[in-house]
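The values are calculated or read from the model by the stated rules, or taken from the named source; none is laboratory data. Since the model is a prediction, treat every value here as computed from it, not as a measurement. When we count neighbours, we look across all protein chains shown, and the Cβ atoms used for this are built from the backbone with ideal geometry, even at glycine. Ligands, DNA and RNA are stripped out before the accessible areas are found, and what is left, the full protein with its side chains, is counted by its heavy atoms. Shrake-Rupley method; radii C 1.70, N 1.55, O 1.52, S 1.80 Å.
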Amino acid sequence: MKPLQKTTPWYWALAGALLGLTLSTLIFAPARWLATLVQQASRGQVLLMEARGTVWTGSARVTLTGGAGSQEVATLPGRLDWNLTPALTGARLLLNADCCMQQAWSMRLQPRWNGLQVLLSDARSQWPASLLAGLGTPWNTIQPQGDLHLSTQGLTLVWAAGRLLLTGAAQLDAINLSSHLSTLRPMGSYRFSVQGGTPVTLALTTLQGSLQISGNGQWVGGQLRFNGEASAVPEHQAALSNLLNLIGRRNGARSIIKVG
């Protein structure tokens, strides 16, 4: 009597091969896949050009555009590096731009019911203001020059049921700003502050300069509401007139800013 031989059904072998192929594809997924995802999610406003590496560890040149059909582009000097590490409760993302960050940004991504929570580490960074021109109107007309200093503290973003909730704070200092619409260089330095809560509050103040800008606003139900005004010191009103016309609705020497 012949002994029984154990055989492996062909479908188990096929399943094993497919599993191995799937894992290999996920592990070595090329960085261009991430570039495509970012482009689609941002509606073409953020592009990862010359992407290298994988979805998990790679680098690219970041380009901002005004979206589909826009001719305005601005590319970050240097490259942006990323490292994405999956975990049981979500993932950890490290971002580092050699041009602009003293240390990498650390983000914890945590899926939630009907949304996503992103916890950002406290960080400071410095960016060229010229990058804003790539976002289209009105920045492509203003063509700002100067430095943007960004800092965050306890910042957490939560997307739930299509709405954005924010806790913590962020501050953006625009230092020594100038524009090709004015011969005055620099025009001034400004601070834009965001404070999380219900609702999220925003504040714009002038740190120093001939162009004086101030305002306050709120982010309510996914809608931005902001009211402010801009004016020039008397001796520089002529040099800043074109810019004041663009910033808002002119009311004598002032420019009224209203959003929402």
Exercise for the section: Compute the long axis of helix 237-247 from its Cα atoms, compare it with the longest principal axis of the Cα atoms of the chain, and write down the angle in degrees, 0 to 90, nearest 10. Expected result: 40 degrees
Practice task
Using a cut-off of under 11 Å, list every residue of region 138-176 whose amide N is near the label point 7 Å from the Cα of Asn114 along the Cα-to-beta-carbon line.
Solution key: 160-163
Handout entry: Hydrodynamic radius (Kirkwood) for region 51-156, which is based on Cα pairs only, to one decimal in Å
Key = 15.4 Å
Exercise for the section: Report the residues of region 194-237 in range of a label on Asp173: point 7 Å along Cα→C-beta, backbone N strictly under 20 Å from it. Expected result: 194-196, 202-215
Practice task
Give the Cα extents of region 108-245 along the principal axes, in whole Å, largest first.
Solution key: 56, 27, 25
Completion exercise
Here the averaged projected area of the chain, based on the convex hull of its alpha-carbon atoms and given in nm², is 19.0 nm²
Problem - Angle in degrees between helix 10-27 and the longest Cα principal axis of the chain, rounded to the nearest 10 - result: 20 degrees
Completion exercise
For region 212-251, the accessible surface attributable to carbon and sulfur atoms (probe 1.4 angstrom, ligands and nucleic acids excluded) amounts in percent to 45 percent
